[in-house]
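Take a look at the structure below.
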Amino acid sequence: MTISIALVDDQALIREGISRLLQLNPQYHMSWESSDGEEALSILNDQPVDIIISDIRMPKMDGIAFVTSLREQGNNTPVLMLTTFDEHQLFIQALRAGANGFLLKDVSLEKLHSAVETVAAGGFLAEPELLQNETLQSIDDEQLSRPLLMEQLSEKELQILRYIAAGFSNKEIAAAVFLSEGTVKNHISAILQKMEARDRTQAVVKALRWKLLD
């Protein structure tokens, strides 16, 4: 199945490099490129894609404002963010905005392709370096605090939550836990409700913050 991709980055050399890496996979189709979030929003209205790869830092409209605008419009297109190791605060802001995955800019070909497939399929992915304990502890948003009366997750829900954190799609989780994809979706809905999470990304961040995956 072909995955259509949009690339948003203000640096032409970065766009060219990533585009060339992506085109090595015959299942990827580079639909369009943009130099900032404002332009990307305009193009996206007429040319929807399966996944957007976006830099966090950009002029006019940066990656965080771009994702925020997307989600406010009800557009749930998966967004894979490109960042650097020292952009922890931007990483946190992008998480809150609704980004679905994060890669360091010096990513390898193998990691890039794996990330595109994971995020395009509805999974969450972030480099381990970006999920260090100090980063998680700096997320003091009330939305990430643990509810006093949070309903206990079942063993099966915890198992599925671990697969979500590892970047598995619903189909892959279903195969791994020997359940139908519909049953997995029901479990994920229950997980989000119990954790008071708006989406899979926030559920993963909360799970890491609350040490549910240890």
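May I ask you to list the residues in region 198-214 that are surrounded by fewer than 20 Cβ atoms within 10 Å (Cβ to Cβ) and either of a type in the set (S, T, Y) or assigned to a loop (DSSP other than H, G, I, E, B) (or both)?
Once the filter is applied, which keeps residues that are surrounded by fewer than 20 Cβ atoms within 10 Å (Cβ to Cβ) and either of a type in the set (S, T, Y) or assigned to a loop (DSSP other than H, G, I, E, B) (or both), region 198-214 yields R198, D199, W210, K211, L212, L213, D214.
Before we move on, is I64 in contact (Cβ under 8 Å) with a residue 24 or more places away in the chain, assigned to a helix (DSSP H, G or I) and surrounded by fewer than 18 Cβ atoms within 10 Å (Cβ to Cβ)?
Here the answer is no, as I64 does not meet what is asked.
Quick check on this structure: which one of H113, H187 is at pLDDT 90 or above and assigned by TED's automatic domain parsing to the domain that holds Q23?
None of the other options fit; the residue is H113.
Pairs needed: first member in region 160-172, free of Cβ contacts under 8 Å to residues at least 40 places away in the same chain; second member anywhere, assigned to a helix (DSSP H, G or I); C-beta distance under 7 Å; at least 6 residues apart or different chains.
Matching pairs, first to second residue: I160/I173; I160/V177; I160/V184; I160/H187; I160/I188; I160/I191; Y163/I173; Y163/A176.
Evaluate region 54-61: report whether one residue or more is of a type outside the set (A, V, I, L, M, F, W, C), under 19 Å from R96 (Cα atoms) and surrounded by fewer than 17 Cβ atoms within 10 Å (Cβ to Cβ).
Scanning region 54-61 turns up at least one residue that is of a type outside the set (A, V, I, L, M, F, W, C), under 19 Å from R96 (Cα atoms) and surrounded by fewer than 17 Cβ atoms within 10 Å (Cβ to Cβ).
Just checking, how many residues over region 39-61 are in a helix (DSSP H, G or I) and of a type in the set (A, V, I, L, M)?
Residues meeting the conditions: 4.
Considering only residues that are part of a helix (DSSP H, G or I) and touching a Phe, Trp or Tyr at 6+ places or on another chain (Cβ under 8 Å), look in region 158-184 and name the one that is modelled with the highest pLDDT.
V177
So which residues in region 11-38 are touching a strand residue (DSSP E or B) at 6+ places or on another chain (Cβ under 8 Å), surrounded by fewer than 19 Cβ atoms within 10 Å (Cβ to Cβ), of a type outside the set (V, I, T) and part of a helix (DSSP H, G or I), if there are any at all?
The one that is touching a strand residue (DSSP E or B) at 6+ places or on another chain (Cβ under 8 Å), surrounded by fewer than 19 Cβ atoms within 10 Å (Cβ to Cβ), of a type outside the set (V, I, T) and part of a helix (DSSP H, G or I): S19.
The values are calculated or read from the model by the stated rules, or taken from the named source; none is laboratory data. Quick caveat: nothing in here was measured; it's all calculated off a predicted structure. Because the Cβ atoms are built from the backbone with ideal geometry, glycine has one as well, and the counts that use them run over all protein chains shown.
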